[in-house]
Amino acid sequence: MWLESVAARSSSMADFKKLLVWQKAHALSLSIDRLTKRIRASQYASFKSQLFRAGLSIPANIAEGRQKESEREFARFLGMAASSSSELESHLIFARDAKIIGEAEFASLVGQTIEVRKMLYALIKRIRATR
């Protein structure tokens, strides 16, 4: 009986793909991937890399945190994902101001980024409230 409940909990906790916040973060990372593939100027090589890594780290931290043993650890990884979303937003502001992307694309990507960050903070708050 005890093993069944542990296995059921582990199975449900492990399935990060069922989390809406992960799904939205994954979609955002795909949008960032498409953007970085269009950046060709060599002077932006390191920026392109940082932009790409910030976009990928959001869903990756959610997935990694979901595998942890405790909700407290999961919340810590959600916090890291939220921090990466702030980094991504800063990179997007630079991309707009440097005329790498247009205003419409900026608005769309920043809107997605902020939506994901709000979802992350809401999930963190919910986890902390249940402890």
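Which condition from (1) out of contact with any His (no Cβ under 9 Å at 6 or more places or on another chain); (2) within 30 Å of Ile100 (Cβ to Cβ); (3) of a type outside the set (Asp, Glu) is the one that Arg66 breaks? That leaves (2) as the condition not met. In segment 19-42, which residues are modelled with pLDDT of 95 or more and of a type in the set (Lys, Arg)? Residues satisfying the conditions are Lys24, Arg34, Lys37, Arg38.
The values are calculated or read from the model by the stated rules, or taken from the named source; none is laboratory data. Given the structure is predicted, the values throughout are model-derived calculations rather than measurements. Because the Cβ atoms are built from the backbone with ideal geometry, glycine has one as well, and the counts that use them run over all protein chains shown.
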